[in-house]
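Comments concern the structure below.
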Amino acid sequence: MQIRRAVEGDAEALAEVHHRSRESAGGLIPPAVHPVEALHRFTRDVVVPHREAYLAEDHDGTALGTLVLDGDDVDWLYVAPEAQGRGVGRALLEHAKSLRPNGLALWAFASNHPARTFYERHGFVAVRETDGDNEEGAPDVRYVWGGHPEATDPATGASGHR
């Protein structure tokens, strides 16, 4: 497996991994609010040209997973259903950590217990929850790793989250 920066021609593969991963999650995450065609346009017009998008590929070029960073936020981390359980998510998350050694943050749906367990196993700490302040209107949890500004200062107990 290799992880590389996505280019314009990768937009379809990125969108498909995102879509298929969400679809395979069943009831763990709410359904997407936008049609798949809009996801493809958004990926082509916004994600690839304006964010840091990475593609994990098998040796034959098959898309296995996606990572999108927006500043110090992990905006997307999706693994193709057939590649789950093979270390793709771990490799993508380690790649993100190597790119942002000072800290990362992300949102996970409160109902997505496998994702939450995954992030916690990799050192992310929940710092706050919402009752659905997102497009899907579903409760979510904010996670941080490392020295991210939203992390709680252990010496004072003060939280840096906004």
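Could you tell me which numbered condition Arg41 fails, if it satisfies all but one of (1) in contact (Cβ under 8 Å) with a residue 24 or more places away in the chain; (2) of a type in the set (D, E, K, R); (3) farther than 19 Å from His95 by Cβ?
Arg41 satisfies every listed condition except (1).
When you check Asp140 against the structure, is it surrounded by 15 or more Cβ atoms within 10 Å (Cβ to Cβ), at pLDDT 90 or above, in contact with a Ser or Thr (Cβ under 6 Å, 6 or more places away or on another chain) and not aromatic (Phe, Trp, Tyr), yes or no? Reasoning before the result, please.
On the way: surrounded by 15 or more Cβ atoms within 10 Å (Cβ to Cβ): yes; at pLDDT 90 or above: yes; in contact with a Ser or Thr (Cβ under 6 Å, 6 or more places away or on another chain): yes; not aromatic (Phe, Trp, Tyr): yes.
Judged against the criteria, Asp140 is a match.
Out of Ala96, Ala110, Ala105, Ala126, report the one residue that is surrounded by 14 or more Cβ atoms within 10 Å (Cβ to Cβ), over 19 Å from Glu12 (Cα atoms), modelled with pLDDT under 95 and hydrophobic (A, V, I, L, M, F, W, C).
It is Ala110.
Across the stretch 1-31, which residue is surrounded by the fewest Cβ atoms within 10 Å (Cβ to Cβ) among those that are in a helix (DSSP H, G or I) and of a type in the set (A, V, I, L, M, F, W, C)? Break it down into steps so the answer makes sense when it comes.
Of all residues in the stretch 1-31, those in a helix (DSSP H, G or I) come to 8-24, 26-28.
This time we only want the ones that are of a type in the set (A, V, I, L, M, F, W, C), so: 11, 13-15, 17, 28.
Numbers: Ala11: 21, Ala13: 19, Leu14: 26, Ala15: 23, Val17: 24, Leu28: 14.
In this case the residue turns out to be Leu28.
Out of the residues in the stretch 43-92 that are more than 21 Å from Tyr143 (Cα to Cα) and among the polar types (S, T, N, Q), which is farthest from the chain's Cα centre (by Cα)?
Taking the stretch 43-92 first, the residues more than 21 Å from Tyr143 (Cα to Cα) are 43-50, 55-64, 80-86.
This time we only want the ones that are among the polar types (S, T, N, Q), so: 43, 62, 84.
Values: Thr43: 14, Thr62: 19, Gln84: 14 Å.
Going through the qualifying residues, I end up with Thr62.
Just name the residue that is farthest from Trp145 (Cα to Cα) out of those in the stretch 77-100 that are free of Cβ contacts under 8 Å to residues at least 60 places away in the same chain and among the hydrophobic types (A, V, I, L, M, F, W, C).
Of everything passing the filter in the stretch 77-100, Ala83 is farthest from Trp145 (Cα to Cα).
The values are calculated or read from the model by the stated rules, or taken from the named source; none is laboratory data. Quick caveat: nothing in here was measured; it's all calculated off a predicted structure. We place every Cβ from the backbone using ideal geometry, glycine too, and count neighbours over all the protein chains shown.
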